[in-house]
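Here is the structure we will look at.
The values are calculated or read from the model by the stated rules, or taken from the named source; none is laboratory data. What you are looking at is a predicted structure, and each value in this text was computed from that prediction instead of being measured. Cβ coordinates were reconstructed from backbone atoms using ideal geometry, including for glycine residues, and neighbour counts include every protein chain displayed. With ligands, DNA and RNA removed, areas are computed over all heavy atoms of the protein, side chains included. Shrake-Rupley method; radii C 1.70, N 1.55, O 1.52, S 1.80 Å.
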Amino acid sequence: PDQEKLVATALNNLGTVLNHRAQYARAQSSYEEALALFRKLGSRYDEAITLNNIAQNYDSQSRYAEATPLYEQALAVHRDAGDRAGVATVTENLAGQDAAQGRYAQALTRYEEALATFRELGLLYQQAVGLSNLATLYATLGRYDEARSRYEQALSLRRGLGDRAGEGVLTGNLAALD
């Protein structure tokens, strides 16, 4: 079982690399293999992570109708396990999907819900990501003061974490508002 879990984890990680390289079919195959192994092993947490990754792979291709049920499955597993961080992560991914499809009010609600959970849990990196996502949505909506405020909060967190790459991205985002 330990060996199988290592293989499943490697397949899941490979799927993520392939997704980032826009090799979606290969990513899907890798994720599906990982999912089958995690299910065989009864590793519900890893199953939820993999379902979320498969959904993100579909999102990368704008295949939202296929992604949504997978996000919902991942949410259910995280909720059943009492994994609030997992629920918030998937909720944030659903918010991104909402924003991509022009459902801005729903996206805003979900982003705020996820951010509130990350704050309650003290997860600083996730808070910075959540604030950045909110800022981007506010900028899309033409609410530039709110966007600037969220970007500045995210920048402060990234600096506190020593995340120089994140600082650079956020500095560029702030400059784009001017």
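Residues that are touching a Ser or Thr at 6+ places or on another chain (Cβ under 8 Å), outside any helix (DSSP H, G or I) and over 17 Å from Y71 (Cβ atoms) do not occur anywhere in the stretch 23-38. For the stretch 1-38, a residue qualifies if it is open to solvent by 20 Å² or more (accessible area, probe 1.4 Å), more than 21 Å from Q61 (Cβ to Cβ) and more than 20 Å from the chain's Cα centre (by Cα), and the qualifying residues are P1, D2, Q3, E4, K5, L6, V7, A36, L37.
Residues of the stretch 111-141 that are more than 24 Å from L75 (Cβ to Cβ) and either open to solvent by 20 Å² or more (accessible area, probe 1.4 Å) or among the aliphatic types (A, V, I, L, M) (or both): A135, A139, T140, L141. Of the residues L94, L41, the single one that is open to solvent by less than 30 Å² (accessible area, probe 1.4 Å) and not small (G, A, S) is L94. Among the residues of the stretch 138-152, are any touching a residue at least 24 places away in the same chain (Cβ under 8 Å), in contact with an Asp or Glu (Cβ under 9 Å, 6 or more places away or on another chain) and aliphatic (A, V, I, L, M)? Within the stretch 138-152, one or more residues are touching a residue at least 24 places away in the same chain (Cβ under 8 Å), in contact with an Asp or Glu (Cβ under 9 Å, 6 or more places away or on another chain) and aliphatic (A, V, I, L, M). Residue count for the stretch 91-150, restricted to those that are part of a loop (DSSP other than H, G, I, E, B) and among the polar types (S, T, N, Q): 1. Residues in the stretch 142-178 that are aliphatic (A, V, I, L, M), out of contact with any Lys or Arg (no Cβ under 9 Å at 6 or more places or on another chain) and open to solvent by less than 70 Å² (accessible area, probe 1.4 Å): A147, A154, L155, L157, A175. Is it true that A88 is in contact with a Gly (Cβ under 9 Å, 6 or more places away or on another chain) and either within 24 Å of L155 (Cα to Cα) or at pLDDT below 95 (or both)? Spelling it out, A88 is indeed in contact with a Gly (Cβ under 9 Å, 6 or more places away or on another chain) and either within 24 Å of L155 (Cα to Cα) or at pLDDT below 95 (or both). Does the stretch 75-91 hold any residues that are open to solvent by 30 Å² or more (accessible area, probe 1.4 Å) and of a type in the set (S, T, N, Q), and which are they? Listed by number, the list holds a single entry, T89. Within the stretch 57-74, being touching a Gly at 6+ places or on another chain (Cβ under 9 Å) and open to solvent by 10 Å² or more (accessible area, probe 1.4 Å) holds for one residue alone: D59.
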